[in-house]
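> This is the structure, below, for whatever I ask next.
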Amino acid sequence: GQGNAMSAAIVAEPNVSSIVIIDSQGERIAARYFTDDLKTLHAQQQFEKSLLSKALKCSSQSESDILLFDGHVAVFREGKDVYLFVTGDQNENEIILVEVLNALFNAYASLLPGGSLDRHTMLEKLDIVLLALDEIVDSGVILEIEPSAIVNRVGMRGADAAPAPAGMMPLQAQTPQQALLSLKEQMTRAFKSTGGGFSGSG
């Protein structure tokens with residue numbers, strides 16, 4: 001009887017099958033696939049083509065749109081000349097996919113110079129684009145849907161990698177409220193990760 005419980009648990013866990021960012025010509029800027037049925041580059045490119053053609057057909061100016069096709073549900077938002085897609089299995093709750101999409105969109109609006117989601121900026125800042133993808137979903141599992149937390153974590157990882165990342169807001173330049181907020185978040189996260197108590201201080 002254990003097998004059944006396991007599979008039920010897996011079904012209940014919302015999963016993202018891919019996050020795709022392509023320009024209006026269908027050229028890939030960044031993509032993460034977490035599904036076995038889109039393993040090859042060819043399959044992914046076909047998938048991206050159909051995502052774009054469907055998006056262009058229903059290009060309403062709403063915040064986010066939902067597409068259903070080939071056993072997938074996809075939600076997307078339009079930047080200047082780029083499209084952000086988050087896809088899941090057709091049984092996936094699209095409200096959750098929209099949450100992921102909006103979190104990513106808003107994180108990019110904070111992280112990218114001038115808040116501009118356009119092809120040129122995103123390719124120029126590809127490291128930031130990819131870091132944010134990895135902070136929001138890992139192996140299809142949704143890690144974070146709070147844009148400010150994604151921004152903070154990308155900032156922290158970026159700071160580890162480079163001594164002085166250009167365009168990152170140093171702590172001094174943040175407003176006291178921002179600094180306090182990010183400090184609070186870090187404290188909360190540290191507290192959570194230690195399970196609420198520091199053990200073995202030695």
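Bear in mind these aren't lab numbers, they're just calculated from the coordinates by the rules spelled out. These numbers come from a predicted model, not from an experiment. Ideal geometry is used to build each Cβ from the backbone, glycine not excepted, and the neighbour counts take in all protein chains shown.
> Hey, got a sec? Which GluC sites (Glu not before Pro) in the stretch 54-161 land in a DSSP loop and have at most 14 other Cβ atoms within 10 Å?
Loop-located and lightly packed - 63.
> Mind checking the full-extension length gain between residue 42 and residue 56? Use 0.36 nm per residue of separation minus the Cα-Cα distance, one decimal, nm.
2.9 nm
> So which trypsin sites (Lys or Arg not before Pro) in the stretch 33-107 are both in a DSSP loop and have at most 12 other Cβ atoms within 10 Å of their Cβ? Walk me through the numbers on the way to the answer.
Details: sites: 39, 49, 54, 57, 77, 80; in loops: 39, 80.
Hits after loop and neighbour filter: 39.
> Could you tell me the ratio Rg/Rh of the stretch 76-119? Both radii from Cα atoms, Rh via Kirkwood. The partial results should precede the final answer.
Working: Rg = 11.4 Å, Rh = 11.0 Å.
Here the Rg-to-Rh quotient is 1.04.
> As I understand it, the dipole of the stretch 66-135 uses +1 on the Cβ of Lys and Arg and -1 on the Cβ of Asp and Glu, about the Cα centre. Which of 115, 72, 105 lies farthest toward its positive end?
Of 115, 72, 105, it is 115.
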